[in-house]
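One structure is given here, and the rest of the page talks about it.
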Amino acid sequence: MQLFLIASIPAHENFCAGDFGKKAVLRDNPGVDLLHCHQIGTCRAWEKAIMLRLIPSRNVPTIAVLLTAIAGALRADPVELESIPPALKGYMGREIAVTMHYLGAPWLTRESREREEECSTLLAALNLKPGMTVCDLGCGNGFYTLDLARRVGEKGEVYAVDIQPEMLRLLDERAKEAKITNIKPVLGSLIDPQLPPASQDVLLLVDVYHEFSHPEQMLRAMRKSLKPGGRVVLVEFRLEDPRVPIKLLHKMSKKQILKELPPNGYKLVEQFDKLPWQHVMFFEADPAWREPAVGSE
Ligand SMILES: C[S@@+](CC[C@H](N)C(=O)[O-])C[C@H]1O[C@@H](n2cnc3c(N)ncnc32)[C@H](O)[C@@H]1O
């Protein structure tokens, strides 16, 4: 007998594991077939409805683990549900990308990343100093976090923020293995990275901003977390360059970035155009900017 279970997972509906994630699920859960549903082949459809074909006689413990996981995903924090407005599908003419699922995390630490993206060139361009407090916002499994922590040294600190606890767990494992102790993992929300006010010298966002489901709320909260003179560094795959082998939805043009950040209180102070695939744009809080009054258009 085969048992079919269809689980809708609202909390994860914006996450996209990609093919790598699906393979990982199948590898780690023998006895379970993950089938695409609805519009076969699209990430959103795969995440919105997961159909598990469970073969009871073969893998009862796996079934129990999966059911527990689904129950966890379905559990909603009532406070969060009340205070977080619905996720935007688009912002200022741009479609917002689905969040990269933690099952795809190995792609972030792939061996070829340094060669493809010249990550150490980016780190050098940040010009970090020992003792600084910096935030790896949307840190994933901490590919950049560990190097940031080494650069700011023992007297400095790195806040590592992500909305997926699983990403923070993966980061923690990597930090422990590397014996790095100046990292503070923070579980952010969709609207707030939960950073202390006026605490950050640098907020680094690598391939993250285009995934924000609530860009205005995030930009507002980020602004409050900057020290005077603190900087937000946006790193995004170049939409203008067809040679950059990344899906269009996960790329941004400079023009679009400049359409979105200044109206939210940021001014462009520097650009670094020497990476092979990405824009690097440095912003500071614009002192002339005034938050729009509540209820204004
Ligand atoms: C493509 S990954 C990039 C990870 C990392 N910056 C890197 O370059 O290796 C994007 C990450 O941003 C996180 N993310 C998306 N929206 C977020 C938000 N509002 N606040 C914090 N993290 C967010 C996702 O969970 C995911 O781990």
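If residue 154 satisfies all but one of (1) assigned to a loop (DSSP other than H, G, I, E, B); (2) in contact with a helix residue (DSSP H, G or I) (Cβ under 8 Å, 6 or more places away or on another chain), what's the number of the condition it fails?
It fails just one condition, (2).
Exactly one of these conditions fails for residue 153: (1) closer than 12 Å to residue 128 by Cβ; (2) in contact with a strand residue (DSSP E or B) (Cβ under 7 Å, 6 or more places away or on another chain). Give me its number.
It is condition (2) that residue 153 fails.
Would you point out which residue out of 220, 238 is of a type in the set (Lys, Arg), away from the ligand (no atom under 11 Å from the Cβ) and either loosely packed, with under 15 Cβ neighbours inside 10 Å or closer than 10 Å to residue 279 by Cβ (or both)?
238
Inspect segment 258-265 for any residue being under 15 Å from residue 196 (Cα atoms) and within 15 Å of the ligand (Cβ to nearest atom) and give the result as yes or no.
No, the conditions are met nowhere in segment 258-265.
Could you identify the single residue in 287, 276 that is surrounded by fewer than 13 Cβ atoms within 10 Å (Cβ to Cβ) and either under 18 Å from residue 229 (Cβ atoms) or modelled with pLDDT of 95 or more (or both)?
287
Restricting to segment 188-215, name every residue that is more than 9 Å from the ligand (Cβ to nearest atom) and part of a strand (DSSP E or B).
200, 201, 202, 203 - these are the residues of segment 188-215 that are more than 9 Å from the ligand (Cβ to nearest atom) and part of a strand (DSSP E or B).
Looking at (1) under 17 Å from the mean Cα position of the chain (by Cα); (2) polar (S, T, N, Q); (3) surrounded by fewer than 18 Cβ atoms within 10 Å (Cβ to Cβ), which is the only condition residue 199 fails?
(1)
Against the condition away from the ligand (no atom under 14 Å from the Cβ) and modelled with pLDDT of 95 or more, how does residue 92 come out, does it pass?
On the way: away from the ligand (no atom under 14 Å from the Cβ): yes; modelled with pLDDT of 95 or more: yes.
So residue 92 fits the description; yes.
Conditions tested, residue by residue: (1) under 13 Å from the mean Cα position of the chain (by Cα); (2) hydrophobic (A, V, I, L, M, F, W, C); (3) at pLDDT below 95; (4) within 14 Å of the ligand (Cβ to nearest atom).
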{"position": "140", "(1), (2), (3), (4)": "yes, no, no, yes"}
{"position": "146", "(1), (2), (3), (4)": "no, yes, no, yes"}
{"position": "152", "(1), (2), (3), (4)": "no, yes, no, no"}
{"position": "165", "(1), (2), (3), (4)": "yes, no, no, yes"}
{"position": "168", "(1), (2), (3), (4)": "yes, yes, no, yes"}
{"position": "182", "(1), (2), (3), (4)": "no, no, no, no"}
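Scan segment 48-63 and give yes if some residue there is at pLDDT 95 or above, of a type in the set (A, V, I, L, M, F, W, C) and in contact with a helix residue (DSSP H, G or I) (Cβ under 6 Å, 6 or more places away or on another chain), otherwise no.
No, segment 48-63 has no match at all.
The values are calculated or read from the model by the stated rules, or taken from the named source; none is laboratory data. What you see is a predicted model; the values in this text were computed from it and never measured. So basically every Cβ, Gly included, is an ideal-geometry build from the backbone, and we count neighbours across all protein chains shown.
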